[in-house]
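Taking it in order: structure first as C-alpha cells, then the write-up.
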Amino acid sequence: MSNVLVLAEVSNTGQIRNSAGMLLAAASSLGTPVAVVAAAPGAGAALVEPLGALGAQLVYVAETDQVDVLLSSPQVEALVAAAHALTASTILLANSADGRDVAARLAVRLTAGLAIDAIGVREENGRIVATHSVFGGSYTVESAFDGEVAIVTVRQGAIEGKADAAIPTVTTESISVDAASSGVIDAVHEAVTATDRPELRAATTVVSGGRGLGSAEKFVLVEHLADALGAAVGASRAAVDAGYVDHALQVGQTGVTVAPQLYIALGISGAIQHRAGMQTAKTIVAINKDADAPIFDIADFGIVGDVFTVVPQLIEAIGKRTS
Amino acid sequence: MKIVVLVKQVPDTWGDRTLTSSGVLDRQASESVIDEINERALEVALSYQDSNDAEIVALTMGPASATDVLRKCLAMGADSAVHVVDDALAGSDLGWTSAAIAAAISKAGYDLVIAGNESTDGRGGVIPAMVAEHLGVPHLTFLTSVEISPERISGERDTENGTVSVHAALPAVISVTERSAEPRFPSFKGIMRAKKKPLDVLTIADLDPDILSGMGRSVVLTATQRPARSAGTKVVDEGNAGNQLAEFLAAEHLI
Ligand SMILES: Cc1cc2nc3c(=O)[nH]c(=O)nc-3n(C[C@H](O)[C@H](O)[C@H](O)COP(=O)(O)OP(=O)(O)OC[C@H]3O[C@@H](n4cnc5c(N)ncnc54)[C@H](O)[C@@H]3O)c2cc1C
C-alpha cells in the first residue's frame with residue numbers, strides 16, 4: 001500500500017493537536033498512514049507512542065532547532081523531506097490556520113494539486129477524490145487531481161472514526177530551514193480552554209447566542225443551557241462584535257462551520273451569513289422574539305418568545321428529565 | 001513603500017450563490033461585489049499611507065467585470081490598479097491563481113502584499129501563502145492586528161489554538177482577518193478621482209507565458225445542490241414553550 005502522509009501539528013509545549021487523529025483515520029482508508037512531525041532535536045521521541053495510538057504506522061520525525069521560531073517553514077521542509085524519502089503522493093493536513101499555510105507553500109514547492117477544506121477523502125479507480133461542502137453547505141462538490149501529488153486539507157471535526165492503533169516504526173532526519181523566506185514567531189499565547197465544554201467544531205450539540213442576549217453578562221444564559229446539554233457554545237458575528245464572547249466562537253460565513261446533531265440559536269436573527277455556518281445541522285431549534293426572523297425558515301422547532309423566560313424553563317425541564 | 005493589495009470579486013453573500021453542475025460559479029445568478037475582507041485589507045494599507053509615504057496598488061485576477069472592484073479600491077484611495085484577465089485563466093484552481101497573481105505582483109514591484117485571510121466564496125485561505133512561496137518571501141497570515149514599518153512587518157496571528165505574535169522582514173506577504181480594520185467609505189472626491197487613476201490590464205502573455213505549465217491541478221468532478229431546508233414547527237410562547245421544547249428534544253432523543 002502506498003504511504004499517505006499526515007502532518008501532525010504539535011503545540012510548542014509538545015502536545016499533539018486533535019486534528020492528528022482524524023487525519024490518520026482518513027489516511028488509513030487510503031493507504032499506510034504516516035505521521036510527519038517537525039520537532040526540536042530529541043523532542044520527537046515522545047510523540048511516537050501517542051501517534052501510534054492514533055494509528056500512525058510510521059512516524060517521520062524531521063528535526064530542526066528552528067521549530068518554535070519559524071512560521072510554517074519547518075513543517076514544509078519536514079513534508080518535502082518525507083514525501084521524497086517515502087515517495088508519497090497523497091498528503092493530508094488539517095484545514096487550520098497552520099495547516100493551510102503549510103499546505104499552501106508545500107503545494108507550490110511540490111507543484112502539487114491542492115484541495116482545501118475537504119469533509120471526506122476517498123480513493124476511486126486509483127485516484128484521490130475529495131468531498132467539499134461549499135457556500136455554507138448549499139452545495140456538495142467533489143474534486144480530483146491532475147498531476148503526481150495530491151495535497152488535501154481536511155475540515156476539523158468532519159471525519160469520524162479512528163484508525164487502528166499501531167506500534168510505529170520511526171525515521172528521524174535532520175532538516176535545514178531557510179530563515180530568510182520565513183516569518184518569525186515571537187510569542188505564543190495559547191488559548192486557555194478553562195471549560196470542559198466540547199470543542200465547537202466537533203461538538204454534537206451547539207448552543208449559540210446572538211445580539212438578542214443584550215450584554216456579556218446576560219450571555220451566560222447561553223452557557224447555562226450549553227452546560228445543561230453538554231454542548232459547545234457558539235455566537236453570531238453581532239454578538240462577537242458587541243464583545244459578548246471571543247471571536248473564536250463565531251459561527252458563520254467568516255467564522256466556524258459546524259454540523260452538529262442539534263443546533264440551538266438564541267436571540268439570533270438568522271442572517272444568511274450566520275446560516276452559512278450552521279444550516280447543515282441535523283436538527284435546528286430557534287428562540288427569537290421576532291416571529292418574522294429568518295432563522296425560523298430553517299428551524300425544525302421554533303419558539304417565538306423571550307430567551308430570558310423560555311430558556312430558564314427549558315433548563316429546568318432538562319434538569320428534571322435527566323435527574 | 002509599495003503595497004500591493006489583493007482583491008477579489010465574489011458573489012454577494014447577501015444573495016443566493018449558485019454553482020453550475022461542473023462546479024463553476026454562475027456569475028449571472030448573483031450580484032458580484034468586492035469581498036468585504038479585501039476592503040479591510042485595503043484599509044490596513046490606506047491607514048499606513050495616511051501618515052507615511054506609500055504607494056498602493058490594488059490587484060485582482062478575474063473576468064472583465066472585476067474592473068468594478070478595482071474602481072471601488074481606487075475610489076477608497078488606492079493609487080493604481082492591475083487587472084489580470086485572460087480566458088485561459090477562467091476556472092483556475094488555487095495553483096494557477098496563485099501563480100498568475102505572483103507573476104503580476106513581481107511585474108508591478110512590491111515591498112508588502114496585503115490580502116484578506118480567506119475569500120467568502122472559496123474560503124480557501126491559502127492564496128496568500130502560495131503567493132509568498134512563489135515569490136520566495138515570508139508570509140504572515142490570519143493577522144488581527146498589523147504594524148508596518150519600512151523594513152519590517154509584525155502582528156498578532158489568530159489561530160484555532162490562540163494567538164501568536166509574529167514578525168517578518170520585508171518584502172513579505174500578509175493576510176488580515178475581519179478583526180483587523182473597519183474599512184472607510186469612498187468619498188465623492190475619491191470616486192471622481194478614481195476615474196483618472198491608472199488601471200493596467202494584463203494577460204498571461206504580458207506576464208510569463210510559462211507560469212502555468214507543469215503544475216498539478218485540482219479539478220472539480222461534480223457539484224450537487226443540497227435540498228433547501230424547510231421550516232418545521234413554530235410555536236408562540238404562552239408560558240409553556242420551554243417545556244414544549246424539552247418534550248420535542250426528548251422525542252427526538254436529543255436529551
Ligand atoms: C461578509 C460578511 C460576513 C459575515 N459573517 C458572519 C458570520 O460568520 N457569522 C454571523 O453570525 N454573522 C456574519 N455576518 C453578519 C450577519 O449579516 C448578521 O449581521 C449577524 O449574523 C447578526 O447577528 P445576530 O443575529 O446576533 O443579530 P441581529 O440580526 O441584530 O439579531 C438579533 C435577534 O435577537 C432577537 N432578540 C432580541 N432580544 C431578544 C430576546 N430577549 N429574546 C429572543 N430574541 C431576542 C431579535 O428579534 C433579533 O432577531 C457577516 C456579514 C457579512 C457582510
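No lab work stands behind these numbers, since they all come straight from the coordinates. Because the structure is a prediction, the values reported are computed rather than measured. No Cβ is skipped: glycine too gets one built from the backbone with ideal geometry, and neighbour counts run over all protein chains shown.
Cross-link reach is defined here as a Cα-Cα straight distance under 16 Å, omitting same-chain residues fewer than 8 places apart; for A:K162 the aspartates and glutamates meeting it are A:E49. Here the simple spin-label model places points 7 Å from the Cα toward Cβ, and for B:K2 and B:E55 these points are separated by 0.6 nm. Peptide A:142-150 has a mean of 5 when you count, residue by residue, the C-beta atoms of other protein chains within 10 Å of its C-beta. Cross-link reach is defined here as a Cα-Cα straight distance under 17 Å, omitting same-chain residues fewer than 8 places apart; for B:K234 the aspartates and glutamates meeting it are A:D290, A:D292, A:D297, A:D300, A:D306, B:E247, B:E252. When you count the other C-beta atoms within 10 angstrom of each residue and take the mean per peptide, A:196-207, B:16-27 line up highest first as A:196-207, B:16-27. Taken along the Cα-to-beta-carbon direction at a fixed 7 Å, the label points for A:D241 and B:D200 span 3.6 nm. For the range B:221-252, applying the loop criterion from DSSP together with a ceiling of 16 other beta carbons within 10 Å to the GluC sites (Glu not before Pro) yields B:E238, B:E252.
Ordering B:131-140, B:59-68 by mean Cβ neighbour count within 10 Å, with the highest value first, yields B:131-140, B:59-68. Given a Förster distance of 30 Å, report the FRET efficiency between B:W14 and A:T195 from their Cβ-Cβ distance, rounded to the nearest 0.05. It comes to 0.30. Among B:D50, A:D117, sorting on how many other beta-carbon atoms sit within 10 Å of each Cβ, with the fewest leading, yields B:D50, A:D117. Once the piece of chain linking A:A187 and A:N125 is laid out straight, how much longer is it, given 0.36 nm per residue of separation minus the C-alpha distance between them? Additional length available on full extension: 17.7 nm. How tilted is helix B:36-51 with respect to the longest principal axis of chain B? Cα atoms for both, answer in degrees (0 to 90, nearest 10). The two axes meet at around 40 degrees. The mean sequence distance of close C-alpha pairs (under 8 Å, at least 6 residues apart), as a share of the length of the range A:200-322, puts its relative contact order at 24 percent. Taking B:G216, B:G15, B:G232 as the candidate residues, the one with maximal mean-square fluctuation in a Gaussian network model of chain B, Cα springs under 10 Å, is B:G232. Listed by Cβ neighbour count within 10 Å, with the fewest neighbours leading, B:H167, A:H224, A:H84, B:H83 appear as A:H84, A:H224, B:H167, B:H83.
Step through the table entries A:K282/B:K8; B:K107/B:K196; A:K289/B:K72, compare each Cα-Cα distance with 29 Å, and write down the pairs that go over it. Beyond 29 Å between Cα atoms: A:K282/B:K8; A:K289/B:K72. For the segment A:185-191, counting C-beta atoms of other chains within 10 Å of every residue's C-beta and taking the mean gives 6.
In this rough spin-label picture, where each label sits 7 Å from Cα along the Cβ direction, the A:S2-B:A90 distance is 3.2 nm.
Need one word for chain B: rounded, prolate or oblate. Basis is the Cα gyration tensor (sqrt eigenvalues a ≥ b ≥ c); a/c below 1.5 gives rounded, then a/b vs b/c decides. Prolate is the answer for chain B, as a/c is 1.5 or above and a/b outweighs b/c. Here's how it looks for A:L70: its modeled amide H is under 5 Å from those of A:I185, which are all 5 or more places away or on a different chain. Kindly identify the protein assembly as shown as rounded, prolate or oblate by the Cα gyration tensor criterion: order the square roots of the eigenvalues as a ≥ b ≥ c, call it rounded if a/c is under 1.5, otherwise compare a/b with b/c, prolate if a/b is larger, else oblate. Because a/c hits 1.5 or more and a/b fails to exceed b/c, the protein assembly as shown counts as oblate.
Ranked by the mean number of other Cβ atoms within 10 Å of their residues, highest first, the peptides A:10-16, A:63-69 fall in the order A:63-69, A:10-16. Compared with the dominant principal axis of the Cα atoms in chain B, helix B:94-108 is inclined by about 30°. Note the angle between two axes, namely the Cα long axis of helix A:97-109 and the longest principal axis of the Cα atoms of chain A, as a number of degrees from 0 to 90, rounded to the nearest 10. It is inclined by approximately 40 degrees. Placing unit charges on the Cβ atoms only, positive for Lys and Arg and negative for Asp and Glu, gives the range A:200-322 a dipole magnitude near 240 debye about its Cα centre. Taken residue by residue and averaged, Cβ atoms of other chains lying within 10 Å of the Cβ of A:69-80 number 2. Considering only alpha-carbon pairs that sit under 8 angstrom and 6 or more positions apart, the relative contact order computed for chain A is 14 percent. Kindly identify chain A as rounded, prolate or oblate by the Cα gyration tensor criterion: order the square roots of the eigenvalues as a ≥ b ≥ c, call it rounded if a/c is under 1.5, otherwise compare a/b with b/c, prolate if a/b is larger, else oblate. Here chain A falls in the prolate category.
Would you give the gap between the C-alpha center of the range A:220-298 and the C-alpha center of the range B:193-229, rounded to a whole Å? The two parts, judged by their Cα centres, are 34 Å apart.
Mean-square fluctuations from a GNM of chain A, with a 10 angstrom spring cutoff on Cα atoms, peak among A:A271, A:A158, A:A88 at A:A271. In a DSSP loop and with at most 13 other Cβ atoms within 10 Å, the GluC sites (Glu not before Pro) in the range A:95-166 are A:E148, A:E160. Would you please name the GluC sites (Glu not before Pro) within the range B:1-56 that are DSSP coil residues with at most 14 other C-beta atoms within 10 Å of their C-beta? Within the range B:1-56, the qualifying GluC sites (Glu not before Pro) (loop, at most 14 other Cβ atoms within 10 Å) are B:E31.
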